1. Only one residue in GLY269, GLY223 is crowded, with 24+ Cβ neighbours inside 10 Å, of a type outside the set (S, T, N, Q) and more than 21 Å from LEU34 (Cβ to Cβ). Which one?
2. Between residues in segment 641-658 that are within 23 Å of ARG305 (Cβ to Cβ) and residues that are part of a helix (DSSP H, G or I) and polar (S, T, N, Q), which pairs lie under 6 Å by C-beta distance while being six or more apart or on different chains?
3. Among the residues of segment 463-492 satisfying the criterion of being touching a residue at least 60 places away in the same chain (Cβ under 8 Å) and more than 42 Å from the chain's Cα centre (by Cα), which is nearest to GLY441 (Cα to Cα)?
4. May I ask you to list the residues in segment 133-145 that are surrounded by fewer than 16 Cβ atoms within 10 Å (Cβ to Cβ) and either touching a Ser or Thr at 6+ places or on another chain (Cβ under 7 Å) or in a helix (DSSP H, G or I) (or both)?
5. For VAL118, all conditions in the list (1) out of contact with any strand residue (DSSP E or B) (no Cβ under 7 Å at 6 or more places or on another chain); (2) among the aliphatic types (A, V, I, L, M); (3) surrounded by fewer than 21 Cβ atoms within 10 Å (Cβ to Cβ) hold save one; what is the number of the exception?
6. With (1) at pLDDT 80 or above; (2) hydroxyl-bearing (Ser, Thr, Tyr); (3) buried (at least 20 other Cβ atoms within 10 Å of the Cβ) as the list, and SER206 as the residue in question, which single condition is left unmet?
7. Does VAL276 fit the bill of being closer than 19 Å to ARG643 by Cβ and in contact with a helix residue (DSSP H, G or I) (Cβ under 9 Å, 6 or more places away or on another chain)?
8. Scan PHE338, PHE322, PHE328 and give me the residue that is modelled with pLDDT of 90 or more and either surrounded by fewer than 21 Cβ atoms within 10 Å (Cβ to Cβ) or aromatic (Phe, Trp, Tyr) (or both).
Amino acid sequence: MRSSSGPGPGNLYGGPTGRHAGRQGAGPRRRAVLGPTGAACARHPWAVFAAWVVALVATLGVSHLAGGGYSDNVNLGHTQAYTGLQLLKASDRAASGYAGTVVFRSANAPLTADATAVGEAVGALARLPHVVSVSDPLSPQHPAVSADGLTAYITVHTDVVPQTLGAPFGARLRSATQSLRTAHLDVQFGGAFDQVFRPKAADAGSELIGFVVALVVLLVGFGSVAGAGLPLVTALFSVLVGLSVLGICSSVATFGTASPTLALMIGLGVGIDYAVFLTTRFRQRVADGAEPIAAAAECASSSGRAVVVAGCTVSVAMLGLFVSGISFIGMLGLAAVFGVVTAVAGAVTLVPAALGLLGRNVDRLHVRAPVAESGRDGDGWHRYADAVGRKPWVFLAAGLVLLGTLAVPLLSIRLGHVDDGADPASYTDKQAYDMVAQGFGPGANGPLTVVVDLPPGISAAKAGSLASSTTEALAAAPDVARAIPLVRTTDGRLLVGTVVPASSPQQQATTTLFNRLVGTTLPGALRGSGAAGYVSGATASYVQFASALRSRLPLVVMVVVATAFLLVLLAFRSLLLALKAAVLNLVSISAAYGVLVAVFQWGWGRSLLGVSENVPIESYVPVIMFAIVFGLSMDYEIFLLTRVKEHWDATGDHHLAVARGLSSTGRVITCAALIMASVFTAFVGSTEVVIKMLAVGLASSVVLDATVVRLLLVPAVMYILGPASWWLPGWLDRLLPRVAIERDGSPEPASPEGALPGP
């Protein structure tokens with residue numbers, strides 16, 4: 001072990017070192033906030049509990065009265081799909097609604113034999129509330145019957161998102177189509193009706209499964225029953241308040257359907273982690289002889305400040321999604337912030353209150369010898385840290401090879417939209433999808449709507465000729481299964497038709513066809529006519545949504561990476577550590593993306609997740625995942641580096657500081673990562689494939705980041721850099737504001753030599 005000699009002041013390492021290094025030149029001492037708050041909560045726990053109960057009841061009540069809802073309303077202004085839709089809305093009221101489908105099939109007899117039953121169903125559907133139009137599949141003008149006469153579908157347009165109408169609307173849909181079932185037809189629902197009938201049971205138990213796994217991890221890792229249960233209870237309580245507030249806000253703003261699940265996933269994950277960090281440090285301080293109230297105050301002051309900074313980092317990363325310029329994506333990030341903010345609030349108030357109530361009894365009940373923080377020079381984590389210090393290049397190379405191998409599938413990533421064909425076979429939307437694909441071809445599940453805006457004053461003859469020639473051009477385009485002729489709308493302003501691709505909506509060939517129609521086919525067919533053509537519809541919107549996100553992802557990456565870089569730079573006043581954090585986080589996220597591609601796009605184990613076919617990566621998942629992972633990875637970075645910085649300031653020995661920092665946080669970071677991964681993994685039971693993607697991607701990224709990156713690559717790089725890890729140019733040091741993470745006017749932390757012995 002190297003001696004405790006440090007660099008001289010004002011040299012390469014950016015300033016003075018030693019026990020008081022971090023305090024010199026810091027300016028006036030900042031008034032303590034978190035320490036006194038933690039002490040007050042610890043002294044008056046029942047008042048704190050009562051305040052949180054009142055907050056939960058109040059927000060739940062207001063949320064229920066507000067009656068908010070969630071819908072995937074994506075506005076891509078000035079795009080082909082959006083412009084075409086706006087033209088249709090102005091010309092045809094039915095086109096402004098949300099299209100659901102009722103698909104039915106006869107086992108052997110042609111559907112024309114059941115014309116009466118079909119007519120009754122069409123009439124009953126038209127009388128339902130919020131329904132603006134219903135198509136007749138047996139109509140000679142617009143037939144929707146397969147070539148063999150056995151399969152047909154009814155298109156139903158509603159003026160609101162069907163999902164917001166809830167289960168009662170689903171019951172009315174079934175009642176309205178009873179005549180079809182009476183005629184012994186197989187009836188299924190698809191399109192916008194998929195969420196109405198989607199099972200919810202799997203989602204309800206996800207958090208319970210995550211809780212059980214988290215409890216086991218905490219009990220095995222730390223031994224203490226109270227130390228394991230307290231983080232779970234406080235995190236759940238605080239996140240429930242966050243979900244209630246989100247519900248209130250959803251009544252005045254539009255949030256995507258994944259918003260509450262996303263807020264729950266992230267809120268629970270960080271909430272449990274933050275509570276674990278505070279609880280373990282409290283338990284260690286009590287074991288070292290500190291009074292419970294003082295220990296709670298010191299933990300709130302030190303680890304609590306790190307929690308606040310970490311929570312702000314996650315929140316800023318999530319809010320960075322607004323940089324995408326797509327409000328749908330930004331609102332998903334904002335939804336997650338509700339869970340994070342209340343998790344932080346619970347960590348700095350509820351946790352100290354519970355710790356103050358438990359006091360020295362926090363470890364009274366245990367399933368094994370209780371362990372809090374580690375940090376003894378001779379323990380297993382310290383020996384591991386020394387091993388990394390002896391051969392840092394070997395550990396660095398091994399970690400990079402592992403992450404690089406996992407990142408290989410990323411080279412073949414394909415963004416797109418996951419359609420109903422990926423759902424389990426028991427779901428009605430999956431059965432409707434398969435019935436349409438078998439009866440009409442795979443492209444019938446994702447038709448493209450062609451809208452031609454006619455020039456003013458065009459004659460009927462010219463409009464008819466233009467419709468005929470354009471239809472022929474569309475039908476002749478490669479990868480087109482068929483083109484339904486363009487017809488003039490009743491107000492005479494538009495020509496509207498449909499192109500059915502030869503491929504399913506989520507295949508690359510459909511995206512290629514869309515680009516060809518927009519870039520070549522339509523402009524060529526309309527050249528010289530004065531008309532403008534647009535390709536619209538749900539499939540077109542998904543294609544352009546993916547394209548928009550792909551083009552804006554680099555901007556989101558730059559903003560989030562720059563934010564993380566600045567945070568580490570401000571918090572630890574080290575240029576190299578900030579650069580290291582940004583680069584290693586990019587490497588770990590690339591590996592997590594590779595896992596995502598291998599599972600969902602290549603199909604390695606996807607059947608175990610209930611995904612029935614290989615699917616593209618949902619276009620917004622990489623963007624959401626990047627912001628979340630970058631924010632969460634900074635949590636572990638902050639908690640590890642604060643301990644290293646604490647020992648560096650105390651001793652000036654860089655090697656010893658890295659070893660002790662890793663030793664004192666290794667167990668906590670590992671357990672915290674396993675807890676968060678278990679919370680995320682539990683959501684693979686969701687009924688939404690997108691949630692499954694997020695669950696797999698986030699769980700794998702957290703595990704990789706907390707093990708390979710945080711406990712292997714980070715110490716290896718710091719050992720390689722040596723004391724230069726703390727280098728900051730003098731001119732930059734003078735420009736940057738002072739931001740303390742672990743100092744809040746509280747006493748110095750207790751020496752790690754007094755730590756509880758390991759198991």
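The values are calculated or read from the model by the stated rules, or taken from the named source; none is laboratory data. No experiment lies behind these values; they were computed from the predicted model shown. Please note: Cβ atoms are built from the backbone with ideal geometry, for glycine as well, and neighbour counts cover all protein chains shown.
1. Values: GLY223 fails: crowded, with 24+ Cβ neighbours inside 10 Å.
Result: GLY269 is the single residue among GLY269, GLY223 that is crowded, with 24+ Cβ neighbours inside 10 Å, of a type outside the set (S, T, N, Q) and more than 21 Å from LEU34 (Cβ to Cβ).
2. The qualifying pairs are ARG643/SER664; ARG643/THR665.
3. Looking only at segment 463-492, we keep the residues that are touching a residue at least 60 places away in the same chain (Cβ under 8 Å), and these are 466, 470, 489-491.
Pick out the ones that are also more than 42 Å from the chain's Cα centre (by Cα) and you get 466, 470, 490-491.
Numbers: LEU466: 28, THR470: 23, THR490: 30, ASP491: 32 Å.
Going through the qualifying residues, I end up with THR470.
4. Kept after step one, since they are surrounded by fewer than 16 Cβ atoms within 10 Å (Cβ to Cβ), are these residues of segment 133-145: 139-143.
HIS142 - this is the single residue of segment 133-145 that is surrounded by fewer than 16 Cβ atoms within 10 Å (Cβ to Cβ) and either touching a Ser or Thr at 6+ places or on another chain (Cβ under 7 Å) or in a helix (DSSP H, G or I) (or both).
5. Every condition holds for VAL118 apart from (3).
6. Among (1) at pLDDT 80 or above; (2) hydroxyl-bearing (Ser, Thr, Tyr); (3) buried (at least 20 other Cβ atoms within 10 Å of the Cβ), the lone unmet condition for SER206 is (1).
7. Working: closer than 19 Å to ARG643 by Cβ: yes; in contact with a helix residue (DSSP H, G or I) (Cβ under 9 Å, 6 or more places away or on another chain): yes.
Against the criterion (closer than 19 Å to ARG643 by Cβ and in contact with a helix residue (DSSP H, G or I) (Cβ under 9 Å, 6 or more places away or on another chain)), VAL276 qualifies.
8. Working: PHE322 fails: modelled with pLDDT of 90 or more; PHE328 fails: modelled with pLDDT of 90 or more.
Step by step, each of PHE338, PHE322, PHE328 is checked, and only PHE338 is modelled with pLDDT of 90 or more and either surrounded by fewer than 21 Cβ atoms within 10 Å (Cβ to Cβ) or aromatic (Phe, Trp, Tyr) (or both).
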